[in-house]
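Below is one structure, written out as structure tokens; the observations come after it.
The values are calculated or read from the model by the stated rules, or taken from the named source; none is laboratory data. Predicted model only: the values in this text are computed from it and were never measured. As a convention, Cβ positions derive from the backbone with ideal geometry for all residues, glycine included, and neighbour counts pool all protein chains shown. Accessible surface is based on the protein model in full, side chains and every heavy atom, while ligands, DNA and RNA are left aside. Shrake-Rupley method; radii C 1.70, N 1.55, O 1.52, S 1.80 Å.
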Amino acid sequence: MGAKSQQTLDAFREAEAYEGPSLILAYSQCIAHGIDMRFGMKQQDLAVACGYWPLLRFNPAMRSVGRARSSWIARARRFPSGLCYNEVRYSSFGEIAS
């Protein structure tokens, strides 16, 4: 949601319309990640921007209309430093190694 709200809406619409089981995987920040939870949507955007959490969709129904069943919506645009350095779970590795 924090990266592309339209992607979220499209994923829910496709899942609901599909005749069969549907699964939506979503990145969700957690207090255990060690971030200020007020900035959760920004953290989601960083996860997508750096490629940590790619936006993609797989819709088997697309094959019946001659289109690819999977599509990449967003790809990495920059190094993941923004994501990694503001989460305790990543920054603590540097403290252990030093």
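Long-range amide H contacts for residue 56: which residues qualify at under 5 Å (H placed 1.01 Å from N, peptide plane, sequence gap of 5 or more or a different chain)?
Amide H neighbours of residue 56, under 5 Å, 5+ apart: 73.
Given axes a ≥ b ≥ c from the Cα gyration tensor, I'd like to know whether the range 1-49 is rounded (a/c under 1.5), prolate (a/b larger than b/c) or oblate.
On the way: a/c = 3.64, a/b = 2.18, b/c = 1.67.
Cα axes put the range 1-49 in the prolate bin.
May I ask you to order 38-45, 54-61 by the average number of other C-beta atoms within 10 Å around their residues, highest value first? Intermediate values should be presented prior to the final figure.
Details: 38-45: 15.8, 54-61: 14.2.
In descending order of packing, they fall as 38-45, 54-61.
Carbon and sulfur atoms: what percent of the 1.4 Å accessible area of the range 26-75 do they account for?
Values: 1860 of 3270 Å².
Answer for the range 26-75 is 57 percent, counting heavy atoms of protein chains only.
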